[in-house]
Amino acid sequence: MEGVRPGGGPPAGGPGSGSGSGSGSFPSLFPPGLHGIYGECRRLYPDQPNPLQVTAILKYWLGGPDPLDYVSMYRNLGNPVLNVPEHWHYVSFGLSDLYGDNRVHEFTGTDGPSGFGFELTFRLKRETGESAPPTWPAELMQGLARYVFQSENTFCSGDHVSWHSPLDNSESRIQHMLLTEDPQMQPVQTPFGVVTFLQIVGVCTEELHAAQQWNGQGILELLRTVPVAGGPWLITDMRRGETIFEIDPHLQERVDKGIETDGSNLSGVSAKCAWDDLSRPPEDDEDSRSICIGTQPRRLSGKDTEQIRETLRRGLEINSKPVLPPINAQRQNGLNLDRAPSRKDSLESESSAAIIPHELIRTRQLESVHLKFNQESGALIPLCLRGRLLHGRHFTYKSITGDTAITFVSTGVEGAFATEEHPYAAHGPWLQILLTEEFVERMLEDLEDLNSPEEFKLPKEYSWPEKKLKVSILPDAVFDNPLH
């Protein structure tokens, strides 16, 4: 539960107060981490020393559900010269280390990031006659913060969040988010590390898909050129009824050219997916995770493994290097939040096999495989093929319902255990599929109807018998069934 109150800092006697020393010293009444962020807010809003705040009634460090201690709400007059409208400016407190006493974040020194290293901001267009800021953005920020705390993933500028619901629970077309640097707030140095400010930008589904197919930074730049869709300060207007492509059809040409030239920066997503081995099991094959003491296929280097771990940990990779993403038995999440930011998924199984070291899991070459995706995940296959593999990159689906992961790789990717001779290879629950450029072009033709989901009827099956590959697009319920 949260409450709204005026505030320019934690109230005396509240969080951050002294423990009864009676000294009344500034640090005890106003924790240094808070002081640094409030200082930056006061620089922008010297006339609003006590803005309205949404505050967590039971703080996270006392067992409450909301990681953000406070969300401050300021009235920003905009900039008529730059065609920036008046708006509400929201700033979070809690993703960074506010207190420095290990109650929430481990103190690691002053040189690195404070806590997770950032706070969230949000700019919402002020409606005519609106005298107080709506409080729903504070709950939106709490939802994102819960995801960060539970997954231990941080956000970066250019990241996107699939929300699949109007951000304010209305009928709005603004149902997803991109993240970028706040245009006014500068990074601050606190005694507990550096804090940067990442702004949430509300976008339509079509704009999210464009960001996935190309990259978030490119779409953000386009939004900046359209005043009603964000303008230079990327202000979210929940009443916006048109996408930037409907407002200016020429922008789609810029996206298409960007995809053709740059490919996609999206290298992995959390998804509803599964795979089956249709090959005849070899006589000596036991459990797919059995320890193999003999010779093994080509091993990933430590650098390759770390890059793959990062890809599956974050889901997004702002790095076009064609190096394969790893898998390890640690907590993994993508950035595709799917309206449930508290959901945790993992490659770590509860079975005893999960404790087998990564290096000792047998890698198997498969003759024939069957890939299964829900409709939303299947719709990303053309992106995977056109935006990633044709540019010599990789793309990973990480299951949100189990241990499974599927990585598509091109012939230019280093460190893969799938090869042109053996294009299907499994490393425990992780499947790699190597596709040649010629086969990718053919698949794109055969999968063209995936680009028209409104005409799609489930289940749908695609098959390439000579390649011994089958792909099925199935209803969500299939993946929600624990017996699947």
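The values are calculated or read from the model by the stated rules, or taken from the named source; none is laboratory data. Keep in mind the model is a prediction, meaning the values are calculated, not measured. Cβ placement follows ideal geometry from the backbone for every residue including glycine, while neighbour counts extend to all protein chains displayed. Note: areas computed on protein heavy atoms with side chains; ligands, DNA, RNA excluded. Shrake-Rupley method; radii C 1.70, N 1.55, O 1.52, S 1.80 Å.
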Quiz prompt | Whichever residue in region 194-227 is out of contact with any helix residue (DSSP H, G or I) (no Cβ under 9 Å at 6 or more places or on another chain) and of a type in the set (A, V, I, L, M) and, among such residues, is least open to solvent (accessible area, probe 1.4 Å) | solution = Leu198
Quiz item: Listed residues Leu450, Leu434; which is within 17 Å of Gly387 (Cβ to Cβ), within 28 Å of the chain's Cα centre (by Cα) and of a type in the set (A, V, I, L, M, F, W, C)?
Solution: Leu450
Quiz item: Could you list, in sequence order, the residues of region 388-398 that are outside any helix (DSSP H, G or I), crowded, with 22+ Cβ neighbours inside 10 Å and not β-branched (Val, Ile, Thr)?
Solution: Arg393, His394, Phe395, Tyr397, Lys398
Quiz item: Mind checking whether some residue in region 228-236 is farther than 30 Å from Lys468 by Cα, within 22 Å of the chain's Cα centre (by Cα) and either modelled with pLDDT under 95 or surrounded by fewer than 20 Cβ atoms within 10 Å (Cβ to Cβ) (or both)?
Solution: no
Quiz item: Would region 115-127 turn up any residue that is assigned to a loop (DSSP other than H, G, I, E, B), open to solvent by less than 50 Å² (accessible area, probe 1.4 Å), at pLDDT 95 or above and touching a Leu at 6+ places or on another chain (Cβ under 9 Å)?
Solution: no
Quiz item: Of Phe107, Phe116, which residue is under 20 Å from Ala56 (Cβ atoms), among the aromatic types (Phe, Trp, Tyr) and in the same structural domain as Thr205 (by the TED database)?
Solution: Phe116
Self-check item: Hey, Pro191 surrounded by fewer than 17 Cβ atoms within 10 Å (Cβ to Cβ), closer than 25 Å to Gly94 by Cα and either touching a Leu at 6+ places or on another chain (Cβ under 6 Å) or free of Cβ contacts under 8 Å to residues at least 60 places away in the same chain (or both) or not
Solution: no
Quiz item: Among the strands (runs of 3 or more DSSP E) confined wholly to region 40-94, which include 1 or more residues that are under 15 Å from Gln184 (Cα atoms)?
Solution: 70-76, 87-93
Quiz item: Residues of region 355-383 being assigned to a strand (DSSP E or B) and either in contact with a helix residue (DSSP H, G or I) (Cβ under 8 Å, 6 or more places away or on another chain) or at pLDDT 90 or above (or both), which ones?
Solution: Arg364, Gln365, Leu366, Val369, His370, Leu371, Lys372, Phe373, Asn374
Quiz item: Regarding Leu179, is this residue modelled with pLDDT of 95 or more, within 30 Å of Glu454 (Cα to Cα) and touching a Leu at 6+ places or on another chain (Cβ under 6 Å)?
Solution: yes
Quiz prompt | Hits in region 128-149 (condition: polar (S, T, N, Q) and outside any helix (DSSP H, G or I)) | solution = Thr128, Ser131, Thr135
